Number of protein chains: 2
Amino acid sequence: MNILITGGAGFLGQRLAMECLQRNCLNLDDKPGPAIEKIVLADVAEPPFWHSGLRENNKVDTRFGDISDQNWVNSLFDHTYDAVFHLASIVSGHGEQDFDLALKVNLDGTRYLFESIRAQDNSARVVFTSSLAAFGGDSMPAIVADHAKLTPMTTYGATKAIGELLINDYSRKGFFDGRSARLPTVIVRPGKPNLAASSFVSGLFREPLAGVACDIPVDPSQMMPVLGYRSIVNGLIRLAELPAADLGTDRGVGLPSINATVQQMMDALKNVAGNRHLGEHVIKHDAVIDKIVKGWPEQTNNDRALSLGLPLDNSLEDIVQYYIDDYVDGSDA
Amino acid sequence: MNILITGGAGFLGQRLAMECLQRNCLNLDDKPGPAIEKIVLADVAEPPFWHSGLRENNKVDTRFGDISDQNWVNSLFDHTYDAVFHLASIVSGHGEQDFDLALKVNLDGTRYLFESIRAQDNSARVVFTSSLAAFGGDSMPAIVADHAKLTPMTTYGATKAIGELLINDYSRKGFFDGRSARLPTVIVRPGKPNLAASSFVSGLFREPLAGVACDIPVDPSQMMPVLGYRSIVNGLIRLAELPAADLGTDRGVGLPSINATVQQMMDALKNVAGNRHLGEHVIKHDAVIDKIVKGWPEQTNNDRALSLGLPLDNSLEDIVQYYIDDYVDGSDA
């Protein structure tokens, strides 16, 4: 079994690859599959860090290039893939700064990838990472579920909503067997802040644990759906494995999420930190970020995702603890 | 005031141009505008017929080319437009036959057009014609309204849903002032059948009135939302004229429609026909058309459209009567 992960050198891409390697196979349609022979991690550039042992694994192949270059995308398909996880994307804040780049990477790049998969002609399993940012605006319900209309208020969200439509239509046509995973804000991302408007949500755990102050650009009462990276990765794999019949005609599924206020997140950090010295949280309003975040859903209905067996962390504290285990005290620290 | 109509040589495009010329101006934001100086009708090829007097009107300019050719689209913008009506499209049945062409024309072509309008930098008013085919599938509510999720079950519908997302995002970014008009099945189209799966709905009026038999490919109990072409054209203009503030963040509006069964349509024809000799209706099931039609909404909620002042025909009989006046007995007969 061969797997392609776009955005594969990113934090989630690497963790997904590690989880796949540890499992040794994907159980597509809930049937044990053949062992993984190769995982191709495709990304735009060398990442700031590699998780230890990953790049050295002889099943792992890395390819660097521009997903908005159709020739490069085609070059990834020098052999066939049984599963493709499409994580590569311009993020929310960046997309607001550069509309054209967001369309080029997130829409044109996605179409090139889908066309290459279609050309394989082997009904590959495809998981597209969408986002809760696909919801928004004045007609959005207070609690969003999979049947809520996608009404994005960022260009990033618009490209994600379009990707979900393409996943449904390519799947309906039998070009491949696709699914869209609508991700809530992923916590806790290690490393540096990025251009996602939600970047501070990881920062509010990460920076204080590193002894560094962290600016909070929104009101602490702001509610945001979040999920820990272990559940994100396990959710992406579960979504790949599910039989298509479980999904019906609309293959977009919101991963389950914990609907928490920023204050609850700051409190969870303190609950877990014990005697560790923590950098401060500094409330410092940022109008641009606040506006983007306010355009996103505050609460999700997890019923469909849970009924499909997609995992949900037990608590914010659990997420903080495994971040500490993995990245503060752990082997990737 | 200059107006561009893509698909402008088609039946609706021509009628829209005639209505604009008759009004002499558009009242954008409900304020009387300057007189129309030029209407450019852009289309892929010479149409089967021109409505009498239209092409000879010295305000009318015709341009023929391929909307999926970016250079040709750019060439239309040798002067600026105050309003653009984007009607050009591969239709539903054709899109099911040729996925690549549907994406090329309906998605790439739409993006080229939107980029050319954006480059004008004058906040043009843009009306994109979407379709009820943007709804569908197993999660569609029994009665669709504007807040229902767009879950298309045709490639045509998928490209229309994507166009609505682009209209919202280009408008949000201030690149132009766009609106999407979600059209029900338009009746009664004169001329020949086309590759739209809904083509028979015009045929069931048109062919019998011409003394010709018409095959009915679905069960007569099939309910379909329909609207007469006069209300379609007046609705497109009204949607262009509305102040943006009336629309909120989601600029997609379903035109009002009459939710009628195919049997009711056949009956309405007989009610209006009087002593005219009518060709027969022949019930002849067509699995492909039936499947596409069954994937579409059967009923619409017209509340938002009516509150925005979009017109609705009084009855099916009224629509049949004005078709007879215009095309059977009238000047365009």
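Brief remarks on what is shown
- For chain A, the Kirkwood hydrodynamic radius comes to 20.0 Å, computed from all pairs of different C-alpha atoms.
- Choice from B:Thr129, B:Thr249, B:Thr185 showing the highest fluctuation, given a GNM over chain B with Cα pairs closer than 10 Å: B:Thr249
- Contour minus Cα-Cα distance for B:Asp318 and B:Gln97 (0.36 nm per residue): 76.1 nm
- Just checking the listed ones, B:Leu16, B:Leu247, B:Leu236: in the Gaussian network model of chain B with Cα springs under 10 Å, the one fluctuating most is B:Leu247.
- In sequence order, calculated HN-Hα J values of the stretch B:56-62 (Karplus, 6.51, -1.76, 1.60; Hz; x Gly/Pro): 7, 4, 6, 8, 9, 10, 10
- Under 13 Å of direct C-alpha separation, and excluding same-chain neighbours fewer than eight residues apart, B:Lys149 reaches these aspartates and glutamates: A:Asp146, A:Glu164, A:Asp250, B:Asp138, B:Glu164, B:Asp250.
- The A:Ser75 and B:Asn74 beta-carbon pair, evaluated with R₀ = 30 Å, returns a calculated FRET efficiency of approximately 0.45.
- Using the Karplus relation 6.51 cos²θ - 1.76 cosθ + 1.60 with θ = phi - 60°, the per-residue 3J(HN,Hα) values for the stretch A:131-144 come to 8, 4, 5, 6, 9, x, x, 6, 9, 6, x, 4, 10, 8 Hz, with x marking Gly and Pro.
- Under-5 Å amide H pairs with B:Phe85, H placed in peptide plane, nonlocal only: B:Leu4, B:Ile5, B:Thr6, B:Val127
- Spacing of the modelled spin labels on B:Lys173 and B:Ser221, each 7 Å from Cα toward Cβ, amounts to 4.9 nm.
- Ranked A:Trp296, A:Trp50, criterion: other C-beta atoms within 10 Å, fewest first: A:Trp50, A:Trp296
- Simple label model, 7 Å out from Cα along Cβ direction - A:His277 to B:Asn275, nm: 10.4
- In this structure, the pairs whose alpha-carbon distance is over 25 Å, taken from B:Lys173/B:Lys294; B:Lys192/B:Lys294; A:Lys160/A:Lys291; B:Lys160/B:Lys294; B:Lys31/B:Lys59, are B:Lys173/B:Lys294.
- Three-way shape call for the stretch B:1-79 based on the alpha-carbon gyration tensor, with the a/c threshold at 1.5: oblate
- Within straight-line cross-link reach of B:Lys270, aspartates and glutamates at Cα separation under 20 Å, skipping those fewer than 8 residues along the same chain: B:Glu207, B:Asp215, B:Asp219, B:Glu280, B:Asp313, B:Glu317, B:Asp318, B:Asp325, B:Asp326, B:Asp329
- Eigenvalues of the alpha-carbon gyration tensor of the stretch B:33-81, scaled by 5 and square-rooted, set the equivalent ellipsoid semi-axes at 20, 17, 6 angstrom, largest first.
- Rounded to 5, percent antiparallel among DSSP beta bridges of chain B: 10
- Per-residue Cβ neighbour rank within 10 angstrom, fewest leading, B:Tyr323, A:Tyr327: A:Tyr327, B:Tyr323
- The stretch A:228-303: translational diffusion in µm²/s, Stokes-Einstein, Kirkwood Rh over Cα pairs, 25 °C, 0.890 mPa s: 153
- When shorter helices are ignored and each DSSP H run of at least 4 residues is given -39500 (n - 2.57), the per-residue value for chain B at 222 nm works out to -10000 deg cm²/dmol.
- The stretch B:261-333: C-alpha gyration tensor shape, a/c 1.5 cut-off, then a/b vs b/c: oblate
- Computed FRET value (nearest 0.05) for B:Ser139 with A:Asp66, which takes r as the C-beta separation and R₀ as 45 Å: 0.80
- Under a 5 Å amide H cut-off, with hydrogens placed 1.01 Å from N, B:Ser130 pairs with B:Ala181, B:Arg182, B:Leu183 among residues at least 5 apart or on other chains.
- The stretch A:147-236: trypsin sites (Lys or Arg not before Pro) in DSSP coil with no more than 14 other Cβ atoms inside 10 Å: A:Lys173
- Gaussian network model of chain A, springs between alpha carbon atoms under 10 Å - residue of A:Gln222, A:Gln264, A:Gln22 with greatest fluctuation: A:Gln22
- Cα gyration tensor, the protein assembly as shown - rounded (a/c under 1.5), prolate or oblate: prolate
- Close amide H partners of A:Met224, meaning residues 5 or more places away or on another chain with modelled amide H under 5 Å apart, are A:Ala260, A:Thr261, A:Val262.
- Derived scalar couplings between HN and Hα for the stretch A:77-90 equal 9, 7, 8, 8, 10, 8, 8, 10, 10, 9, 9, 4, 5, 6 Hz in order, rounded to whole Hz, by the Karplus curve 6.51 cos²θ - 1.76 cosθ + 1.60 (θ = phi - 60°), x for Gly and Pro.
- With both residues required to sit in the protein assembly as shown, DSSP beta bridges show an antiparallel share near 10%.
- Separation of the B:Asp246 and B:Gln263 label points, Cα + 7 Å toward Cβ, nm: 3.8
- Among A:His79, B:His86, A:His281, a tally of other beta-carbon atoms within 10 Å of each Cβ gives an order, fewest to most, of A:His79, A:His281, B:His86.
Computed from the coordinates by the stated procedures, all read-outs in this text should not be read as laboratory data. On a predicted model such as this, the values are computed, not experimentally measured, just so you know. Methodologically, a virtual Cβ is constructed for each residue, glycine included, from the backbone with ideal geometry; neighbour enumeration extends over all protein chains shown.
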